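Before any comments, here is the structure.
The values are calculated or read from the model by the stated rules, or taken from the named source; none is laboratory data. What you see is a predicted model; the values in this text were computed from it and never measured. For neighbour counting, all protein chains shown are included, and Cβ atoms are generated from backbone atoms with ideal geometry for every residue, glycine included. Remember, those area values only see protein heavy atoms, side chains included, never the ligands or the DNA or RNA. Shrake-Rupley method; radii C 1.70, N 1.55, O 1.52, S 1.80 Å.
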Amino acid sequence: MNRKRLTRDEVASILADGAHYVLEDYALRDELQAKIRQAFLEGIEALAGAACRSEVEAHGLRELHRYFPLAKIHKLEAHLMRSLQDELYYWSYRVGADTLGLAHPFFVDHFIIFRIHYPFLLARDAGAIEPAPIVWKERMRLAYGALRDWDALKDYVGLGRGPADEKVRSVHDAFAYHGDIPAPARSHGPHMDTWYGHSYDGINLWLSIDGVNVDNTVILYPDMFGRPLEFDPVTMYIARGQEICKPLKVEIGAGDLLVFNPEMLHGTQVNISDVTRVALTTRINPGQPRFGVRASAYMEHWYRSEDVERREFSRPRRFPHDKYRGEQSVRARDRYPGNRTMRLAVEGEMAAGRPIPVCSAQALARDLKIAVDIGKHKLIVWRAAGELRAFGRLCPHLGIDLADGYHDERDIYCPGHGIAYSLTDGRSKCAAFGLREYRAFERDGTIYVERIGNEAGSKPAGDRPHQPAPEHHP
Ligand SMILES: [Fe+2]
């Protein structure tokens, strides 16, 4: 869309119906892009030298992984925040006022994230990452925002145990989901932002800076909007066993802005492209922030639009989640009907030369998939162009079970990070990620599966699969 301003109805439908828009034009577009580029180049030069800067200047941020050491990425993000933070608040305000047409008072989130994703295989094996420095100016601002609230204040000046309820916080465990993958290689699983302690009724601004493509973009799940979903408090992502709709891998050109309601289930396509994806996200609340879900931590700090208009950034306002309560206000829909999946558990031990009967051939309709557990083996069985096919169903990226994923006549989509596996050969676009193949055949009206004897056939295609955290092992 190349209009500079959304209509009132369009904004209302983001909030109520989960509409989303990719804006090629929006408030301060060119000024902001120039400032971001400048801040990147300065940070790159300060952290990795002038030669690195000129390479990135010549080839673009999408080639960052070729020149800038991933070990320093958190330091680069800290540099970007220090130099751009106030500009980004002001820009968010102007998008709210000019592009979304919001009237005072509305609220600009204090929480801004740069999302720099190197190609996954490179990021996975990058080794130790240097920690980001504490930005004291930022700590002091937050403390100032909490001045009348001693419990919150002591967290910022180092006397408290952290800005969240420690008992609840201890439940969240990123390792349970991401295993030993270093932080810059992690991608969000499907979630709604309120599961992360964000407020209801927000509008996310997802700004594509460079290198965003369908193999590393943000994934929306539009058909899940307004439907009841359970989340896992350990991972903060969708709880397993709930089937989800086809992923929409949003195409967003460099410099374009995606606006969407973060109460829509969304996640990140693991970067299986060969470029670095550079994006940033922030958020606007048209009304006073309200919280509902019991989360591990809460995003309670916001700037009022009137303050930001005056470029007054020293006083973010705190909305304690226990006082500013509310209900979700999206249009509610029925539970998602599922993806034509039959789930079975069969006794038996898989071995080459020992076929295991799964079900009657009649039961496997053309567009159905069967998720069958045979001992510790988790398989998926379907007919691809009439031919029976069977594969291991744990995604080699993080060991996520494909049973919950959407499938069409060509591919099955990992319900974690969007990788599409061919129903015919179990391969994906990325040579490192393929599904382990099993032999499947029909005899006397029964479907059988069998382990393929030779090692080459029974291994996932390509590179070593990642070792996920223990709970994901088959
Ligand atoms: Fe999110």
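Hey, among the residues in segment 105-130 that are among the aliphatic types (A, V, I, L, M) and within 30 Å of residue 142 (Cα to Cα), which one's surrounded by the most Cβ atoms within 10 Å (Cβ to Cβ)? First the steps, then the outcome.
Here is the first cut: in segment 105-130, the residues among the aliphatic types (A, V, I, L, M) are 108, 112-113, 116, 121-123, 126, 128-129.
The next check asks that each one be within 30 Å of residue 142 (Cα to Cα); those that pass are 108, 112-113, 116, 128-129.
Working: 108: 28, 112: 19, 113: 11, 116: 26, 128: 8, 129: 18.
Per the criteria, the residue is 108.
Under 6 Å between Cβ atoms, at least 6 apart or on separate chains: pull out the pairs that start in segment 264-293 with a residue that is more than 13 Å from residue 219 (Cβ to Cβ) and touching a residue at least 60 places away in the same chain (Cβ under 8 Å) and end on any residue that is within 11 Å of the ligand (Cβ to nearest atom) and among the aliphatic types (A, V, I, L, M).
Close Cβ pairs satisfying both conditions: 281/113.
Which numbered condition in (1) at pLDDT 95 or above; (2) within 19 Å of the chain's Cα centre (by Cα); (3) open to solvent by less than 40 Å² (accessible area, probe 1.4 Å) is the only one that residue 308 fails?
(2) is the only condition that residue 308 fails.
Quick check on this structure: which one of 203, 238, 244 is open to solvent by less than 10 Å² (accessible area, probe 1.4 Å) and farther than 21 Å from residue 110 by Cα?
Values: 203 fails: farther than 21 Å from residue 110 by Cα; 238 fails: open to solvent by less than 10 Å² (accessible area, probe 1.4 Å).
So the residue among 203, 238, 244 that is open to solvent by less than 10 Å² (accessible area, probe 1.4 Å) and farther than 21 Å from residue 110 by Cα is 244.
Within segment 190-205, can one find any residue that is closer than 30 Å to residue 65 by Cβ and away from the ligand (no atom under 16 Å from the Cβ)?
no
If you take the residues in segment 170-182 that are within 16 Å of the ligand (Cβ to nearest atom) and touching a helix residue (DSSP H, G or I) at 6+ places or on another chain (Cβ under 9 Å), which one is most open to solvent (accessible area, probe 1.4 Å)?
As a first pass, look at segment 170-182 and keep what is within 16 Å of the ligand (Cβ to nearest atom): 172, 174, 177-178.
With the extra rule that they be touching a helix residue (DSSP H, G or I) at 6+ places or on another chain (Cβ under 9 Å), the set shrinks to 174, 177-178.
Values: 174: 32, 177: 16, 178: 10 Å².
This residue is 174.
For segment 83-90, state whether one or more residues are touching a residue at least 60 places away in the same chain (Cβ under 8 Å), open to solvent by 30 Å² or more (accessible area, probe 1.4 Å), at positive phi and over 22 Å from the mean Cα position of the chain (by Cα).
No, segment 83-90 contains no residue that is touching a residue at least 60 places away in the same chain (Cβ under 8 Å), open to solvent by 30 Å² or more (accessible area, probe 1.4 Å), at positive phi and over 22 Å from the mean Cα position of the chain (by Cα).
Being away from the ligand (no atom under 16 Å from the Cβ), more than 26 Å from residue 333 (Cα to Cα), within 14 Å of the chain's Cα centre (by Cα) and not hydroxyl-bearing (Ser, Thr, Tyr): is that true of residue 210 here? Steps first, answer last, please.
Details: away from the ligand (no atom under 16 Å from the Cβ): yes; more than 26 Å from residue 333 (Cα to Cα): yes; within 14 Å of the chain's Cα centre (by Cα): no; not hydroxyl-bearing (Ser, Thr, Tyr): yes.
No, not satisfied.
So how many residues does segment 33-51 have that are open to solvent by less than 10 Å² (accessible area, probe 1.4 Å) and hydrophobic (A, V, I, L, M, F, W, C)?
Restricting attention to segment 33-51, the residues satisfying the condition of being open to solvent by less than 10 Å² (accessible area, probe 1.4 Å) are 36, 39-41, 43-44.
With hydrophobic (A, V, I, L, M, F, W, C) added as a condition, the list becomes 36, 39-41, 44.
Matching residues across segment 33-51 total 5.
Of all residues in segment 194-229, how many are of a type in the set (A, V, I, L, M), over 23 Å from residue 174 (Cβ atoms) and assigned to a strand (DSSP E or B)?
Residues that pass the stated criteria total 4.
When you go through (1) surrounded by fewer than 21 Cβ atoms within 10 Å (Cβ to Cβ); (2) away from the ligand (no atom under 15 Å from the Cβ) one by one for residue 229, which number turns out not to apply?
Here residue 229 meets the rest and fails (2).
Counting only residues that are touching a helix residue (DSSP H, G or I) at 6+ places or on another chain (Cβ under 7 Å) and away from the ligand (no atom under 13 Å from the Cβ), which one in segment 247-275 is most open to solvent (accessible area, probe 1.4 Å)?
Per the criteria, the residue is 248.
If a residue must be modelled with pLDDT of 95 or more and either touching a Ser or Thr at 6+ places or on another chain (Cβ under 7 Å) or outside any helix (DSSP H, G or I) (or both), how many such residues does segment 1-17 contain?
The number of residues fulfilling the criteria is 2.
What number of residues in segment 384-412 are part of a strand (DSSP E or B) and at pLDDT below 95?
2
For segment 138-160, name all the residues that are surrounded by 11 or more Cβ atoms within 10 Å (Cβ to Cβ) and either modelled with pLDDT of 90 or more or of a type in the set (Lys, Arg) (or both).
Within segment 138-160, 139, 141, 154 qualify.
Taking residue 290 as the residue in question, decide whether it is modelled with pLDDT of 95 or more, closer than 21 Å to residue 110 by Cβ and either charged (D, E, K, R) or within 16 Å of the ligand (Cβ to nearest atom) (or both).
No, not satisfied.
Here is a list: 216, 204. Which entry is over 30 Å from residue 139 (Cα atoms) and in contact (Cβ under 8 Å) with a residue 40 or more places away in the chain? Reasoning before the result, please.
Working: 204 fails: over 30 Å from residue 139 (Cα atoms).
Among 216, 204, only 216 is over 30 Å from residue 139 (Cα atoms) and in contact (Cβ under 8 Å) with a residue 40 or more places away in the chain.
Looking at segment 276-290, can you tell me whether even one residue there is open to solvent by 30 Å² or more (accessible area, probe 1.4 Å), among the aliphatic types (A, V, I, L, M) and more than 23 Å from residue 224 (Cα to Cα)?
The answer is no; no qualifying residue exists.
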